[in-house]
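Novice: Take this structure first; my questions come after.
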Amino acid sequence: MMAQDKEEGAAMKKGNKLYEGKAKIIYATENPDLIIQYFKDDATAFNAAKKGTIAGKGVMNNKISTKIFEFLAAKGVPTHFEKNLSDREMLVKKVEIVPLEVIVRNRAAGSLSRLLGLKEGTALASTVLEFCYKRDDLGDPLINESHILALNLATAEEVETIRKYTLMVNELLSKFFANLGLELIDFKLEFGRCKGKIILADEISPDTCRLWEVGTGKKLDKDRFRHDLGDIEEAYQEVLNRVNK
């Protein structure tokens, strides 16, 4: 046990930078199966057409994502999360990211409102699940399952697994946030391949979810940055406070 603890401790040392994205930096560790995910304060919107900084966002998103990944894992959803290392760092399994953004919509908002001419907040008769191709140069276009199979982005079995886990996450998180006085309007997920299996990856935070306060409709997510609504840091902190209750 002592030797194992030392080995795990060594594996948590930050190695070379492997990748830097819009919101996170990925570092290698001495364990080839584990990486460190570092959360930045950088903020982008509208396919990076708008850029800025949200003070303390990385710390808050790391803590919020930690709580949510722990909750989902306890409910049977496989995730890349291993443990929280620091205010901004999370130890995760190394995965091959499936080049899809999976979006779940419980109410019309954002691009769905623009695409279909629906008033923001319109209730949907059923949950909408969308796939977007992860290609910044193309603006992450909306695609369907036929496109996914034609481009060899994922197998039919993988798509079905992603769909199953996504709907499961929606059911779990809708109740999770409702208990905190928040409505989960929509959210984005990413999945990865790990040792032949599909698991949940990336993060789940106010960066990737639209969260409206029940009763007031106040937006407690990145829309406050997108649309210059003010009180951005306060909104993220409010979500963290509720998640930590």
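Novice: Given the residues Leu167, Leu229, Leu173, which is the only one that is aliphatic (A, V, I, L, M), surrounded by fewer than 15 Cβ atoms within 10 Å (Cβ to Cβ) and assigned to a helix (DSSP H, G or I)?
Specialist: Going through Leu167, Leu229, Leu173 in turn, just one is aliphatic (A, V, I, L, M), surrounded by fewer than 15 Cβ atoms within 10 Å (Cβ to Cβ) and assigned to a helix (DSSP H, G or I): Leu167.
Novice: Now a separate question. Evaluate the following for Glu89: is it assigned by TED's automatic domain parsing to the domain that holds Glu160 and buried (at least 17 other Cβ atoms within 10 Å of the Cβ)?
Specialist: No: the conditions fail for Glu89.
Novice: Ok, one more. What residue, among those in segment 144-164 that are farther than 15 Å from Arg193 by Cα and among the charged types (D, E, K, R), is surrounded by the fewest Cβ atoms within 10 Å (Cβ to Cβ)?
Specialist: Lys164
Novice: Check Pro78, Pro99 and return the single one that is surrounded by fewer than 21 Cβ atoms within 10 Å (Cβ to Cβ), touching a residue at least 60 places away in the same chain (Cβ under 8 Å) and closer than 30 Å to Lys13 by Cα.
Specialist: From the options Pro78, Pro99, the qualifying one is Pro78.
Novice: Scan (1) not assigned by TED's automatic domain parsing to the domain that holds Glu183; (2) not in a loop (DSSP other than H, G, I, E, B) for the single condition Lys245 breaks and write down its number.
Specialist: Among (1) not assigned by TED's automatic domain parsing to the domain that holds Glu183; (2) not in a loop (DSSP other than H, G, I, E, B), Lys245 violates only (2).
Novice: Also, quick follow-up: Identify, from the list Gly110, Gly117, Gly196, the residue that is of a type in the set (Gly, Ala, Ser) and either under 17 Å from the mean Cα position of the chain (by Cα) or assigned by TED's automatic domain parsing to the domain that holds Ala49 (or both).
Specialist: Gly110
The values are calculated or read from the model by the stated rules, or taken from the named source; none is laboratory data. Note that this is a predicted model, so its numbers are computed, not measured. We place every Cβ from the backbone using ideal geometry, glycine too, and count neighbours over all the protein chains shown.
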